[in-house]
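J.: This is the structure I want to talk about, given as structure tokens.
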């Protein structure tokens with residue numbers, strides 16, 4: 001189910017995102033601050049490989065160009081769930097109006113979180129990642145088994161909540177877009 005908080009209607013949708021194969025039901029948070037200083041109040045599911053088992057979709061009124069680095073076209077089912085949430089959140093007045101929205105699915109940089117020099121490592125650890133690194137990554141020092149990222153990137157977060165989604169790269173987030181975090185339902 002895709003939700004944005006209190007009062008949001010659940011949405012059932014099937015399909016897969018570019019980040020990970022998702023089950024037929026999604027859950028998400030609307031209006032998350034990407035690229036800002038917002039700390040994440042919740043833990044996100046992380047795969048054994050250190051990838052966030054979620055998608056970040058930047059929704060906006062058409063047209064969308066998802067060819068820039070760090071972006072890809074979202075699945076139809078993922079975009080349908082986002083459009084339903086756009087309607088629930090009041091970004092459009094009807095399903096027909098919401099159909100005019102498109103989106104781009106942010107990718108997670110390649111490489112391993114433990115591999116210095118990889119794009120993912122740079123996203124999670126470098127204060128100034130190289131310009132060619134584009135997409136999103138999770139910095140989460142609260143993961144019990146193996147914390148992810150540079151403590152300096154979450155130093156301003158409260159104890160017990162030292163985590164944030166970080167976006168890197170030129171043009172991310174897309175100007176005028178509404179970002180949605182979409183995660184699998186446990």
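J.: Hey, could you get me the Stokes-Einstein D for segment 42-82, Kirkwood radius over alpha-carbon pairs, 20 °C and 1.002 mPa s, rounded to whole µm² s⁻¹?
T.: 176
J.: As a test of understanding, state the convex hull volume per residue of segment 78-156 from its alpha carbons, in Å³.
T.: In segment 78-156, the Cα hull volume divided by residue count equals 146 Å³.
J.: When the chain is fully extended, how far beyond the present Cα-Cα distance does residue 93 get from residue 114, taking 0.36 nm per residue of separation? Walk me through the numbers on the way to the answer.
T.: Numbers: separation 21, 0.36 × 21 = 7.56 nm, distance 4.55 nm.
Gain on stretching residue 93 to residue 114: 3.0 nm.
Since every read-out is calculated from the coordinates, none of them should be taken as a lab result. What you see is a predicted model, and the numbers here were worked out from it, not measured in a lab.
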